[in-house]
1. Of all residues in region 77-122, count the ones that are among the polar types (S, T, N, Q) and not in a helix (DSSP H, G or I).
2. Here is a list of conditions, (1) exposed (fewer than 15 other Cβ atoms within 10 Å of the Cβ); (2) modelled with pLDDT of 95 or more; (3) of a type outside the set (Phe, Trp, Tyr); (4) in contact with a helix residue (DSSP H, G or I) (Cβ under 9 Å, 6 or more places away or on another chain), and residue 51 meets all of them except one; can you say which number that is?
3. Please pick out the residue among 51, 78, 35 that is touching a residue at least 40 places away in the same chain (Cβ under 8 Å) and not hydroxyl-bearing (Ser, Thr, Tyr).
4. With respect to residue 71, is the statement that it is over 10 Å from the mean Cα position of the chain (by Cα), free of Cβ contacts under 8 Å to residues at least 40 places away in the same chain, more than 15 Å from residue 102 (Cα to Cα) and loosely packed, with under 15 Cβ neighbours inside 10 Å true?
5. Check 34, 102 and return the single one that is within 12 Å of the chain's Cα centre (by Cα) and either in the same structural domain as residue 124 (by TED's automatic domain parsing) or surrounded by 12 or more Cβ atoms within 10 Å (Cβ to Cβ) (or both).
6. Within the group 96, 56, which residue is of a type in the set (A, V, I, L, M, F, W, C) and over 12 Å from the mean Cα position of the chain (by Cα)?
7. Among the residues of region 80-99, what is the count of those that are surrounded by fewer than 12 Cβ atoms within 10 Å (Cβ to Cβ) and either within 18 Å of residue 46 (Cα to Cα) or assigned by TED's automatic domain parsing to the domain that holds residue 32 (or both)?
8. Going by the structure shown, is residue 43 on the phi < 0 side of the Ramachandran plot, in contact with a helix residue (DSSP H, G or I) (Cβ under 9 Å, 6 or more places away or on another chain) and assigned by TED's automatic domain parsing to the domain that holds residue 30?
Amino acid sequence: MERCPCCNARLRERIVCARCQADLSVLIHSAQAAEAWLSIAMDYLATGELEQSITALEFSLALNKTQLAFVFRDFMIEQQTQKILNLLAEKQVLAAKQILYAMRGLFAYSAGLQKLNTFNDYLLLNPQP
């Protein structure tokens with residue numbers, strides 16, 4: 001945090017604002033925790049633990065909504081959407097549904113995921129030869 005959210009003064013690595021005397025320790029610790037959770041989310045995704053990655057990302061965004069966290073969320077949605085489409089092209093409908101189930105926490109942020117889920121449900125109910 002470079003500036004005080006109360007008065008917009010430069011902080012210069014201080015926990016208490018020199019101008020308005022606001023104690024920013026809780027905000028700084030919250031931002032640090034959000035950064036740690038985002039790092040954990042990235043580690044989980046790198047090891048293929050999708051649901052844990054999404055949970056860690058949700059914790060990070062709950063603590064501090066950073067541009068990096070939003071970009072990571074969008075990257076994760078894009079990456080998993082491509083995997084789902086590849087599975088559907090190979091007629092692996094159940095495997096695609098498993099990924100969609102893991103991604104259910106991100107449906108609110110992606111109309112594409114919602115449509116893929118509906119299409120996948122249709123394919124499960126109407127098997128193709």
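1. Selection size over region 77-122: 2.
2. The single condition residue 51 does not satisfy is (2).
3. 51
4. No, not satisfied.
5. 34
6. Of 96, 56, the one residue that is of a type in the set (A, V, I, L, M, F, W, C) and over 12 Å from the mean Cα position of the chain (by Cα) is 96.
7. 1
8. Here the answer is yes, as residue 43 does meet what is asked.
The values are calculated or read from the model by the stated rules, or taken from the named source; none is laboratory data. Bear in mind that the values here come from a model prediction, so they are computed numbers and not experimental data. Here the Cβ is made from the backbone with ideal geometry for all residues, glycine too, and neighbour counts use every protein chain on show.
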